[in-house]
Amino acid sequence: MYRLNYIFLLFFLLHALDAQEIPKNEYGLEVIDNVALYLETVERDSTKRLVDLEVFIPSVVIDIKYATTDNFTDKQLYPYAKAYLRYPAADALRNVQKELESLGLGLKIWDAYRPYAATKLMWDYVQDSRYVANPRSGSRHNRGCAVDVTLIDLETGNELKMPTAYDDFSERAHLDYDDFPDETLNNRAFLLDIMKRHGFDPLPSEWWHFDYREWRDFELMDISFDELETVD
């Protein structure tokens, strides 16, 4: 028994020595910046796999604003519309969608995983950490653990009435701003409730933004969508 434990420990130590170290950027943050290193972390822990939400939750609607110029930067930040989350976050979001579908509703996703380089570019436009993550700390989007969403009516495809449009960087987007009609307040409250019950926490300054509760278990990443497309 002791010999088996020794062999297992030796194997673990040798494997750890072979593992690449996550490089630190100019702010001292550890950021996974290449596919090989990302795949190595997934090999050690399969929950760190990024999941394509269009495949994983086929009924979800994808409307990635940063794959267009229709966003606050007026620039196309992503080469095409893709939404990825780490597997546990994706699984939790799939449970949200299942519950919504039973009510004739569904999710529309505006953003999910965001490469760190995109966060740096966004900070150049809006240096306000209530709305854009400071590159000195990184974003939970960079960890594949944040999602920007709203609700839609499945029959019509129309968005339910919410306080503001996406990326409205004003107090009207805050969760404690209540000068809205009852329908809008009820829709916001319902979205907040269902996301929280399935493991997501809201951002007080953005009604659409939700962080997967276990985000601290996942590293910051700066892997482009083009690179991710090469991974099976």
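All of the numbers you see were taken from the coordinates with simple rules; none came from a lab. These numbers come from a predicted model, not from an experiment. Note that each Cβ is placed from the backbone with ideal geometry, even for glycine, and that neighbours are counted across all protein chains shown.
Summing Cβ point charges (Lys, Arg +1; Asp, Glu -1) relative to the Cα centre of the chain gives a dipole of roughly 680 debye. Nearest 5 percent is fine: what portion of the DSSP beta bridges confined to the chain is antiparallel? Expressed as a percentage, antiparallel bridges in the chain total about 80. Does anyone have the angle between helix 35-44 and the longest principal axis of the chain? Alpha-carbon axes, 0 to 90°, nearest 10? Long axis of 35-44 versus the principal axis of the chain: about 80 degrees.
Annotation: peptides 89-97, 153-161, ranked by per-residue average of other Cβ atoms within 10 Å with the highest first, follow the order 89-97, 153-161. Say R0 is 35 Å: what FRET efficiency, to the nearest 0.05, do ASP74 and ASP217 get from their beta-carbon distance? The computed FRET efficiency comes out at 0.50. Taking the C-alpha atoms only, the angle from helix 2-18 to the longest principal axis of the chain is near 70 degrees.
Share of Cα-Cα pairs in the chain beyond 30 Å, in percent? Percent of Cα pairs beyond 30 Å in the chain: 28. Against the chain, whose longest principal axis comes from its Cα atoms, helix 87-101 is set at around 30 degrees.
Using C-alpha pairs below 8 Å separated by at least 6 residues, the relative contact order for the stretch 99-232 is 28 percent. Among LYS161/LYS196; LYS98/LYS120; LYS24/LYS82; LYS65/LYS98; LYS65/LYS196; LYS75/LYS108, which pairs are too far apart, with a Cα-Cα distance over 30 Å? Over 30 Å Cα-Cα: LYS98/LYS120.
Taking all Cα pairs closer than 8 Å and separated by 6 or more residues, the relative contact order of the chain comes to 21 percent.
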